[in-house]
Structure formats: C-alpha cells, structure tokens
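The values are calculated or read from the model by the stated rules, or taken from the named source; none is laboratory data. Source: prediction; values computed, not measured. All Cβ positions, glycine included, derive from the backbone under ideal geometry; neighbour counts span all protein chains shown. These accessible areas exclude ligands, DNA and RNA; they are computed on the full protein's heavy atoms, side chains included. Shrake-Rupley method; radii C 1.70, N 1.55, O 1.52, S 1.80 Å.
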Amino acid sequence: MRGLKDKVVIITGGAAGIGKATALRFAEEGAKVVVADYADGAQTIQEIKTAGAQAIYIQADVTNPDNVKEMVNKTLEAYGRIDVLINNAGITKDSMMKKMAKEAWDAVIAVNLTGVFNCTSAVLPTMLQQNFGVVLTASSVVGLYGNLGQTNYAATKWGVIGMTKTWAKEMAKYGLRFNCVAPGFIGTEMVRKIPEQVLQEKIIIKIPAGRLGEPEEIGAIYAFLASDDAKYINGAVISVDGACTL
Ligand code: CAA
Ligand code: NAI
C-alpha cells in the first residue's frame, strides 16, 4: 500500500483483537506503531519488534482525558508527529432494553463515544499543524442496522458515524481525512462473549459465507483507508461484514 512507510499510527485498544491485528498490519507496511490500551500491550509490541518494525506501548484509558493527553505527548516524544489515529477501543455491555441498567448505558457511551471524542480532539492540534492526518473509527454493522440487546452499543456506533461525517466536512480543507469502518461479526473476545446458541443459531446462520470475519480482514481495511491509495475517501463508512445484513 502506498504512503504508509514511516507514518506514525496510534491504535487505541491495540493490545488485543482487531486492534492487535491492525497494529501488526501497519507494522508490516513499515509504519511506526503506538499501541494504546488500558490492558497490557507487551505481547503486541514483542510481535511487532520480532517482525523488525518499530513500536511502543502506552498505557491509556480512552475515557480518561489525562491519559489521552499523555498518549499524545509520549507519541510526539518518541516519533515527533502523528499521522494516523485509529479509534478502535470499544466495549459491549449487552442486555435487552427492558433490562438495561443506566450503568451499562453510561459505561458503553464513555468508552465508545466519549473515548472517540477524547482521542480525536487530543490529536487534532498536531494534525492541523502538519496539514495532514487520518482518523479512522470503529463503527459496526450494529450501528447501521441495530441488534437485539445492544441499545447502548448501537447508539455509540451510529454516533461515531455522525461525528466522522461532521469532522470530514469541517476539516477536509486542512488536509485531514476521517472515515469509519463498520465490521460485521469478527472472531474476537467481544464476539466470544455472545451466548453460544445465539451466536450459532441467530448470527452465523445469517452470514452467507457461514463464518465470522477475521481481525486481519479489518486491519487490512484500516491500512488501506490510511494509505495514499484512499486519499479521496473522506467521511465514508466502509462495511466489512461478509454480507451478513443482506
Ligand atoms: N440476534 C437475534 N436474536 C437474539 C440475539 C441476537 N443478537 N440475541 C438474543 N436473541 C434472542 C435469543 O435467541 C432469545 O430468543 P428465544 O426467545 O427465541 O429463545 C431471545 O432473543 C432472548 O434472549 P435471551 O434468552 O438470551 O435473553 P437474556 O435477557 O438472557 O439475554 C442478551 C439477552 C444479553 C441480549 C443475550 O441474548 C445476548 O448477549 N445476545 C447477543 C447480543 C449480541 O448479538 N451482541 C453482539 C456482541 S459482538 C459486537 O457487538 C460486535 C459488533 O459490533 C458486531
Ligand atoms: P476486543 O474486546 O477483542 O478488544 C478491545 C480492546 O480494547 C482490548 O484490548 C481492550 O483492553 C481495549 N479497551 C477497551 N476499553 C478500553 C479503554 N477504555 N481504553 C483503552 N483501551 C480499551 O474487541 P474487538 O472485537 O477487537 O473490537 C475492537 C473494536 O471494533 C471495538 O470498537 C468494537 O466495537 C469494534 N467492532 C468489533 C466487532 C467484532 O465483531 N469483534 C464488529 C464491529 C465493530
């Protein structure tokens, strides 16, 4: 892919799942990777370094503005610029609406929506000064179409689309791009929490390929959207869902 070599990319939630696969893909493309996660990212860093690329881990909770500020400062200390932010950190707290506790609503909004605001606003001064930057955010098939048990999560995954389109309108003129990726059901810890019967009988059965997506299949799309090959894609939502909604 064109233009990713030596680019500095921050991936929130980069310690596991889609974030980890994305970190490894950017490293493969020659980027300098920052894994930002509240969980331990040592394993991801070790795999990147073993492959011969540069990477650092920064412990950061995206809900905490001080942590996020530090994430930006440490990235600038290490690499001197920020080219790409991938707002990947996300959580679920599923329950049917009739049973959903306010705590479950607040927790998911804090990470999936306010976390995206926190991280994006923290990298903007650098990107605006550079007249260059790409911000990619994890939406979901659930944001676009809804899903049983996911009132809170669906609200955040639709919400980030509105934010992304607004930012594209506001900041394309400064050389910045903002896009969302809307994955279908991908084989990570998040999906492994779905009750087995629901997963098999209500979800996988509706996927024409008959399988979950793989984290690497999402990492590849983030890499494409961050690359110069995608430089006229702005304010878009790219579905990567194996046609599970058709
Ligand atoms: N799709 C279709 N039907 C579903 C469903 C789903 N996702 N989730 C639950 N149902 C159905 C159940 O099969 C059950 O049907 P029957 O009454 O016919 O048996 C009915 O809804 C009630 O379900 P439960 O008996 O499980 O009710 P509960 O109150 O104990 O639990 C629940 C509800 C917490 C929502 C639980 O069913 C659950 O976790 N479902 C999965 C929700 C889900 O799909 N989450 C996606 C997580 S992955 C992710 O979010 C990533 C992404 O972006 C795609
Ligand atoms: P995962 O649960 O496997 O990994 C999430 C990572 O985010 C973990 O390393 C976790 O420690 C980190 N994280 C969570 N909260 C954080 C916080 N407050 N601050 C910093 N890091 C935090 O999840 P998965 O499946 O890899 O999902 C990644 C993103 O993709 C999420 O935004 C998710 O909503 C989205 N997505 C996932 C899909 C799937 O089917 N797995 C489908 C569509 C979207």
**Prompt:** Which one of the conditions (1) over 12 Å from Cys119 (Cα atoms); (2) of a type outside the set (A, V, I, L, M); (3) free of Cβ contacts under 8 Å to residues at least 12 places away in the same chain does Asp66 fail to meet, given that it meets all the rest?
**Reply:** (1)
**Prompt:** Out of the residues in the stretch 169-199 that are within 10 Å of ligand 2 (Cβ to nearest atom) and open to solvent by 100 Å² or more (accessible area, probe 1.4 Å), which is farthest from Thr22 (Cα to Cα)?
**Reply:** Lys193
**Message:** Condition first: open to solvent by less than 10 Å² (accessible area, probe 1.4 Å), at pLDDT 95 or above, away from ligand 1 (no atom under 14 Å from the Cβ) and aromatic (Phe, Trp, Tyr). Can you find one or more residues in the stretch 215-232 that meet it?
**Reply:** yes
**Message:** Checking the conditions here, which among Asn152, Asn118, Asn87 is under 19 Å from the mean Cα position of the chain (by Cα) and within 13 Å of ligand 1 (Cβ to nearest atom)?
**Reply:** Asn152
**Prompt:** Among the numbered criteria (1) within 14 Å of ligand 2 (Cβ to nearest atom); (2) open to solvent by 30 Å² or more (accessible area, probe 1.4 Å); (3) farther than 26 Å from Lys202 by Cβ, which single criterion is violated by Trp158?
**Reply:** (3)
**Fill in**
In the stretch 106-117, anything more than 16 Å from Thr166 (Cβ to Cβ) and touching a helix residue (DSSP H, G or I) at 6+ places or on another chain (Cβ under 9 Å) is listed as Asp106, Ala107, Val108, Ile109, Val111, Asn112, Gly115
**Message:** So, in the stretch 94-113, exactly how many residues are aliphatic (A, V, I, L, M) and either crowded, with 17+ Cβ neighbours inside 10 Å or at pLDDT below 95 (or both)?
**Reply:** 7
